[in-house]
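**Q** I have a structure I would like to understand better, so I am pasting it below and will then ask my questions one at a time.
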Amino acid sequence: VGELASLMNVNPTEVISVCFSLGVMVTMNQRLEADTLLLVADEFGYKIEFQDADLEEELEETEDAAEDLEPRAPIVTVMGHVDHGKTSLLDYIRKTNVIAGESGGITQHIGAYNVKLEKGQRITFLDTPGHEAFTAMRARGAQITDIVIIVIAADDDVMPQTKEAIAHAQAAGVPMIIALNKVDKPTANPDKIREQLSAMNVLVEEWGGNVQSQEISAKFGNNVDQLLEKVLLQAEMLELKANPDRDAVGTVIEASLDKGRGYVTTLLVQNGTLRVGDYLLAGKNHGKVKAMLDERGKNLKEAGPSIPVTILGLDGAPTAGDKFRVFGEESEAKAIAVKRGQLQRELSIRTKKHTTLEELGRRIALGEFKELNIILKGDVDGSVEALSDQLQRLSTEEISVNILHQGVGPITESDVNLATASDAIIIGFNVRAGANAKDLADKEEIEIRTYSVIYAAIEEVKEAMEGMLSPEI
Ligand code: GDP
C-alpha cells in the first residue's frame, strides 16, 4: 500500500480508502493482490504492467488451508559476544543429539542441522553462530529464524556484541531465550547478568519479566536439555506450522563450488516437501535436484518443512538469503531465472531502496512515515548516550525516532546490514565507516552521516523531519 501510494505520489490514506470502497480492508504495510492493484491504480488513472517475476512472487504467497497445516520444528539462531560459548553450545547439542543408530559418519558443516530430542521433538539450528548471517539474511528480506538464543558468559558482563545481538533480535521481532553460560566457573555471577539485562529493559522470567532464561554450562553440557525444553516451550507458543504436502519453498543458507561435485547449496525447506528430481529456482539460479544430503552426508530422497539439506544440481551459487521454489517444468524455472537476472539489473538502476534524511521530510508530508530508525555509533559512551537521548526526544506525534542500536566503535558491515534490514539511517559521531562497511552501504544505498558536533547532528535530523533539510553539496 505504502509503496503504491509513493509510486503514484498520493497519500497512502487515499489508497486505503479506495481499497475500502472496493471492499478490501488494508493497512499501510500490506501487500495487495494483483487484481486489487490493477483496480486501485486505475482509480488514480494509472495502468499497471506486471512483469513475470512479480507475478511469480505473488504465487509464492499462496496460503495453505488450515487443515493442511502440520506442526513444524522451530528454527533457532545462537547469538552472543565472542568467547561467551556459542560454538561450544552448538557443538554440544550437535554431538549429544545424533539420532540413535545414525551416529558415526562425518558431520559436515552445512550451515544448519536438525536434531531429534528424546521425546521425538525436533529443533533446527542455524549453524553460523553470531548475528552476521542472521542480519545479512534479513537484509535480503529472508527471515527464517523463529527463536534466538542469546548466550552470555556469567563470569563476564553483558558485552557490546551481546547488546548488538539483542538489538538485532528485537528489531526482527524474534523472541529471545537467554542462556547464562559458564555457570560451572567459580567466578560466575548470573544475578549480575540478570541485573545488567534488566537495566536495558530485558527482564528475565525469574525477575518477573517475560524473557525465558536458563543457566547452563555449554562446555560440560549441564542443563542444556532444560534450555532446549524452553526452546520447545517458546516454539509451542508460536504455533509454528507448515504444509508438507505441496511443492517446496524455502531459503538458501549457503552455497559453494566444489571441485568434484559442482555447485553445492544448502537449503532450508520452509514449506512443502523437497524431493530428488525436483526442478528448482533459487535466486537467479536453477537446476534439477540431482542429489540431496543431510549434515552427515547421508543421502535423502525428500525433506519436509524446517529440514536443512545440501543439494547438488544448480547451475550456479545463489546468495545466502535467496528464496527458492520448486517448479513443475524446468523451462519455467529457467525462464524466470533469466528474467530475474534482467529485472535485478534494471531495478538496481531505477530504484532508491532506503530512507535518506533528504527524502524524509517529503515522505513524512505524504503520511508515509511513522518511524525514523537510527543506528548510532560514536567514539565514547558518554557522547553516544547524550546524542541518543536527544535524538529520541525529537519524536513527535506523527513520527517516532527509534534508536535501533547504539554502540562505541567504527561503523561496521554489521551496522549496515542491520540498517538494510530495518530501513534505518546510520549516524556516526566522531567515528567513520570502515572501507568494507562503506562499500556495502553504497551497494545497499544506506545513508551514513557523520558528525563531530552533537548539536549539528540534532539540528540536521530535526530539519529533515520538518522537510527543511537543504540538499548536501
Ligand atoms: P564463541 O566465541 O561464543 O563461539 O565461544 P566458544 O564456544 O568458542 O567458547 C570460548 C571459550 O569458552 C572456549 O575456550 C570454551 O571452552 C569456553 N567455554 C564455553 N562454554 C563454557 C562453559 O560452559 N564453561 C567453561 N568453563 N568454559 C566454557
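The values are calculated or read from the model by the stated rules, or taken from the named source; none is laboratory data. In this text the structure is predicted, and so the values were computed from the model without any measurement. Note: ideal-geometry Cβ built from the backbone for every residue, glycine included; neighbour counts use all protein chains shown.
**Q** If K298 meets every condition in (1) surrounded by fewer than 23 Cβ atoms within 10 Å (Cβ to Cβ); (2) within 23 Å of V78 (Cα to Cα); (3) away from the ligand (no atom under 16 Å from the Cβ) apart from one, which number is that one?
**A** (2)
Conditions tested, residue by residue: (1) among the hydroxyl-bearing types (S, T, Y); (2) assigned to a helix (DSSP H, G or I); (3) modelled with pLDDT under 85.
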position: V78; (1), (2), (3): no, no, no
position: S88; (1), (2), (3): yes, yes, no
position: V98; (1), (2), (3): no, no, yes
position: G101; (1), (2), (3): no, no, yes
position: E118; (1), (2), (3): no, no, yes
position: G141; (1), (2), (3): no, no, yes
position: I152; (1), (2), (3): no, no, no
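**Q** Additional query: Going by what's in this entry, would T162 be described as modelled with pLDDT under 95 and among the polar types (S, T, N, Q)?
**A** Criteria met by T162.
**Q** From the set of residues in the stretch 179-224 that are surrounded by fewer than 17 Cβ atoms within 10 Å (Cβ to Cβ) and touching a residue at least 60 places away in the same chain (Cβ under 8 Å), which is nearest to the ligand (Cβ to nearest atom)?
**A** K219
**Q** Follow-up. Give N430, N436 a once-over and let me know the one that is closer than 18 Å to D389 by Cβ and touching an Asp or Glu at 6+ places or on another chain (Cβ under 7 Å).
**A** Answer to the check: N430.
**Q** Next question, about the same structure. Filter the stretch 129-157 down to the residues that are within 16 Å of the ligand (Cβ to nearest atom), closer than 23 Å to A419 by Cα and surrounded by fewer than 22 Cβ atoms within 10 Å (Cβ to Cβ) and list them by number.
**A** G130, E132, A133
**Q** Any idea which residue in the stretch 159-170 is nearest to Q214 (Cα to Cα), counting only those that are more than 14 Å from the ligand (Cβ to nearest atom) and buried (at least 20 other Cβ atoms within 10 Å of the Cβ)?
**A** Only one residue tops the list, namely I166.
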